[in-house]
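Below you'll find the structure, written out as structure tokens, and then a few comments.
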Amino acid sequence: MNAQQSKNEEYKRKTALRNVAVVLIFSVLLILSFVVSMNTGYSKLSPLDTLRTLFGGGSNKENLILFGFRLPRIVISMLVGAGLALSGCIIQGVSRNALADPGLLGINAGAGLTVILFVLFFGSQSYLSVFTLPFLALLGGGLAAILIYALAYKREGGLAPIRLILTGVAMQAGLSALTTVLVVKLDETQFDFVATWQAGSIWGSNWKFVLALLPWLLLLIPYVLSKSRALDVLSLGDDIAYGLGASVEKERRRLLVSAVALAASCVAVSGSISFVGLIAPHLARRLVGPRHRILLPVCALAGAVLVSVSDTVARVIAQPFEIPTGIMVAIIGAPYFLYLLVKNKQ
């Protein structure tokens with residue numbers, strides 16, 4: 001018995017050290033991404049110029065480039081990556097479906113439809129619209145999620161994973177078709193905005209968009225992290241969760257609302273970026289295992305690194321033109337999604 005306890009303690013110690021190492025590695029990658037992105041762009045700034053500008057010694061042009069354009073975009077890309085990754089992790093945990101993702105399940109499309117309706121009727125350039133869009137995106141994403149949940153839920157067997165995926169894909173297709181119909185009614189300025197949004201470009205690259213997104217994440221991320229134990233229990237299945245005394249439906253609804261709110265608020269600022277909520281949870285789960293207490297923070301870090309690196313590459317790979325960040329993420333995500341489909345087709 002003592003030998004078994006010793007082995008268990010050794011295993012726990014190695015697991016804890018590995019988890020700490022993973023967190024440190026992703027933190028370092030995020031810092032490196034931040035530094036590289038600050039020094040990368042069409043307008044050249046050397047590392048020395050960037051450092052001097054950060055400490056108040058830059059010219060007006062250097063201040064504009066760094067503080068007006070690059071820094072807010074870098075911050076938004078990291079926040080969006082963390083938010084979408086956590087949303088995907090929650091949805092996968094609640095539905096027990098490894099292929100679940102806010103983009104694949106039609107939540108992004110629902111959020112996007114309300115954003116486009118707002119642009120169609122009220123425009124997108126007012127200061128107030130920046131803070132209104134997350135609420136509208138939450139409304140659209142929430143309505144899509146409620147409909148998907150209702151269609152995928154079975155009274156006898158609970159939430160059916162395969163039905164959830166199929167319903168979400170059908171919902172996404174329908175909402176995307178409706179969005180295409182609405183695009184015909186847009187003027188040139190509105191069309192440019194919608195095209196940018198649909199491609200998943202970090203279009204809101206100034207500090208007011210950071211201020212619009214930050215409160216949502218500051219409110220939702222701590223709440224989600226506090227629900228790590230509930231996610232662990234729900235991941236075991238409804239029968240076991242009920243046996244452990246969990247309020248399954250109540251916890252599931254609360255977590256799904258949190259996931260929708262995270263995805264919708266990010267989508268309102270970044271546009272339709274898919275696959276982040278699919279890739280980051282899978283990568284994090286492979287590295288630290290299924291326990292959400294460590295999985296959620298690593299997932300957020302992985303998502304932030306993924307979107308930040310994708311955005312940096314998208315800005316420089318085809319200079320002086322710019323590839324939307326969503327396309328760069330899709331280049332990585334689509335093959336990975338096909339790999340998961342093949343792996344899980346049994």
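The values are calculated or read from the model by the stated rules, or taken from the named source; none is laboratory data. Predicted, not measured: the structure shown is a model, and the values here were computed from it. FYI the Cβ positions are ideal-geometry reconstructions off the backbone, even for glycines, and counts take in every protein chain you see. Just the protein is used for accessible areas: all its heavy atoms, side chains included, with ligands, DNA and RNA removed. Shrake-Rupley method; radii C 1.70, N 1.55, O 1.52, S 1.80 Å.
Between Asp238, Asp101, Asp49, the residue with the greatest mean-square fluctuation in the GNM of the chain (Cα pairs under 10 Å linked by springs) is Asp49.
Rounded if a/c is under 1.5, else prolate if a/b is larger than b/c, else oblate: which is region 42-134, with a ≥ b ≥ c the root eigenvalues of its Cα gyration tensor?
On the way: a/c = 3.82, a/b = 1.65, b/c = 2.32.
Judged from the Cα gyration tensor, region 42-134 comes out oblate (a/c at least 1.5, b/c at or above a/b).
Surface composition of region 200-278: carbon plus sulfur atoms hold 64% of the accessible area, using a 1.4 angstrom probe and ignoring ligands, DNA and RNA.
Candidate cross-link partners of Lys154 among the aspartates and glutamates, defined by an alpha-carbon separation under 18 Å and a same-chain spacing of 8 or more, comprise Asp238, Asp239, Glu249, Glu251.
Between Val28 and Arg52, the C-beta separation translates, for a Förster distance of 30 Å, into a calculated FRET efficiency of about 0.80.
Explain nothing, just the number: relative contact order of region 137-228, from Cα pairs under 8 Å at least 6 residues apart, as a whole percent.
Numbers: 23 pairs, mean separation 12.3, N = 92.
Over region 137-228, the number comes to 13 percent.
What's the longest uninterrupted piece of the chain once you rule out the trypsin sites (Lys or Arg not before Pro) that are loop residues per DSSP with at most 11 other Cβ within 10 Å?
Numbers: sites that count: Lys44, Arg155, Lys185, Lys345.
No qualifying site falls inside 186-344, the longest such stretch.
Restricting region 1-104 to chymotrypsin sites (Phe, Trp or Tyr not before Pro) that sit in a DSSP loop and have at most 12 other Cβ atoms within 10 Å of their own Cβ leaves Tyr42, Phe55. Average accessible surface for the chain: 48 Å² per residue, computed with a 1.4 Å probe over protein heavy atoms with every protein chain in place.
Within a Cβ distance under 14 Å of Leu236, other residues only, what is the Lys/Arg minus Asp/Glu net charge?
On the way: positive: Arg96, Arg229, Arg252, Arg291; negative: Asp232, Asp238, Asp239, Glu251.
Overall, the nearby charge balance is 0.
For the pairs Lys44/Lys185; Lys12/Lys227; Lys44/Lys208; Lys7/Lys250, note any where the Cα-Cα span goes beyond 30 Å. Intermediate results must be reported in sequence, preceding the final value.
Working: Lys44/Lys185 40 Å; Lys12/Lys227 22 Å; Lys44/Lys208 25 Å; Lys7/Lys250 38 Å.
Check vs 30 Å cut-off fails for Lys44/Lys185; Lys7/Lys250.
What is the ratio of the Cα radius of gyration of region 213-330 to 2.2 N^0.38 Å, with N the residue count, to two decimals? With N residues counted in region 213-330, Rg over 2.2 N^0.38 Å equals 1.23. For region 188-298, the relative contact order comes to 41 percent (Cα pairs under 8 Å, sequence separation of at least 6).
Based on the Cα gyration tensor of region 261-326, what are the three equivalent ellipsoid semi-axes, each the root of five times an eigenvalue, rounded to whole Å and given largest first? Show your work: numbers first, answer last.
Details: eigenvalues 131, 41, 12 Å².
So the equivalent ellipsoid measures 26, 14, 8 Å along its semi-axes.
Annotation for region 1-50 versus region 279-303: alpha-carbon center distance of 13 Å. Of all aspartates and glutamates in the structure, the ones whose alpha carbon falls short of 17 Å from that of Lys61, not counting any fewer than 8 places away in one chain, are Asp49. Fully extending the segment from Tyr336 to Lys61 would add 94.9 nm, taking 0.36 nm per residue of separation and subtracting the current Cα-Cα distance.
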